[in-house]
Amino acid sequence: MHSVRHWLPSPFLRYSAAFQVIGGSAALLAPEGSTLLVEALAANHAIVFGASFWPTSPLLGPNLTRLPAERAERKEIALTFDDGPDIETTPKVLDLLDRYQAKASFFCIAARAEKYPELVRDIVSRGHRIENHTYRHAHTFALSAVGGFKAEIGRAQAALTALTGASPRYFRAPVGMRNPWLQPVLSSLDLTLVSWTRRGYDAVFGDPQKIVRRLSKNLRGGDILLLHDGSSARDRNGRPVVLEALPRLLDEVARLNLIPVPL
């Protein structure tokens with residue numbers, strides 16, 4: 001059982017808060033000649049806002065973008081799949097992973113997981129991990145405050161734990177977007193934020209070659225790869241493109257003597 005972590009704001013957020021308090025007070029006390037200070041305060045706000053739209057940014061708090069060094073040295077890479085489970089695509093992804101003896105982490109939308117409980121249990125029985133990707137995957141997720149984050153992520157955590165018997169350890173935000181209020185909620189639920197080292201955009205592009213090229217260019221131990229078993233784009237034949245891209249990617253992974261593992 002993991003102990004609940006206490007939230008400590010990142011250095012960037014602590015310095016930003018101090019700057020806003022001190023700088024804002026100074027601007028109020030001496031409004032004349034404070035134009036540069038006001039511009040600096042506005043720039044600081046813009047940076048905080050911009051960090052919310054930078055999925056791999058560490059500015060707002062801990063954000064896992066690579067596996068630890070010792071796992072990189074063992075030539076491990078983490079395969080992660082988002083937005084499932086999908087009744088059409090996920091079983092075929094699982095069969096492909098079995099064929100290559102590869103293991104992965106599945107960031108599940110909990111509402112979909114509740115719809116297909118047997119599929120979720122199949123993911124686990126084949127040696128993969130289920131992780132938290134919110135309950136509904138709302139497009140407005142990044143606009144939430146603490147209460148909204150806690151309700152959405154906590155509900156997903158409870159549902160996925162009930163389905164699998166194991167609490168997710170990792171969380172990925174929808175489309176990677178978040179704001180400074182997310183980290184205290186993750187800390188209270190003992191979840192670690194994960195983004196990625198490289199993504200294939202397989203929910204956008206229908207060209208498997210382009211997807212594999214994005215994922216495999218300069219691929220090395222420790223990388224975290226993002227694919228989709230849910231919301232996959234379709235190839236020219238109307239098939240989920242991940243089903244064409246995944247075997248090509250795993251062939252390249254094998255050629256490089258890398259080991260696909262869950263987080």
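Taken together, the values in this text are just the output of simple stated rules run on the coordinates, not laboratory data. Predicted, not measured: the structure shown is a model, and the values here were computed from it. Every residue, glycine as well, gets a Cβ built from its backbone with ideal geometry; the counts of neighbours run over all protein chains shown.
Some points to look at:
- Whole-number D in µm² s⁻¹ for the stretch 112-263, Kirkwood Cα-pair radius fed into Stokes-Einstein, 37 °C, 0.692 mPa s: 196
- Net charge over other residues, Cβ less than 13 angstrom from the Cβ of L119 (K, R count +1; D, E count -1): -2
- Using a cut-off of 30 Å between Cα atoms, the listed pairs K92/K210; K92/K115; K150/K217; K103/K210; K92/K150; K75/K115 include K150/K217; K92/K150; K75/K115 as exceeding that distance.
- In the stretch 162-263, taking the dipole from charged Cβ atoms about the Cα centre, the farthest positive-side position among A233, A173, N218 is held by N218.
- Taking only Cα atoms of the stretch 106-152, radius of gyration then Dmax in Å: 12.4, 37
- Modelled FRET efficiency - R0 25 Å, D98 with F205, Cβ distances, 0.05 increments: 0.45
- Remark: E88, E152, E70, E131 ranked as E70, E88, E152, E131, counting other beta-carbon atoms within 10 Å and listing the fewest first.
- From least to most packed, judged by other beta carbons within 10 angstrom and beginning with the fewest, F53, F81 follow the order F53, F81.
- Rounded to the nearest 20 debye, dipole of the stretch 69-261 from Cβ charges on Lys, Arg, Asp, Glu: 380
- Share of alpha-carbon pairs per 10 Å distance bin for the stretch 204-251, given as whole %: 28, 56, 15, 1
- Ascending count of other beta-carbon atoms within 10 Å, so fewest first, for H133, H139, H128, H228: H139, H128, H228, H133
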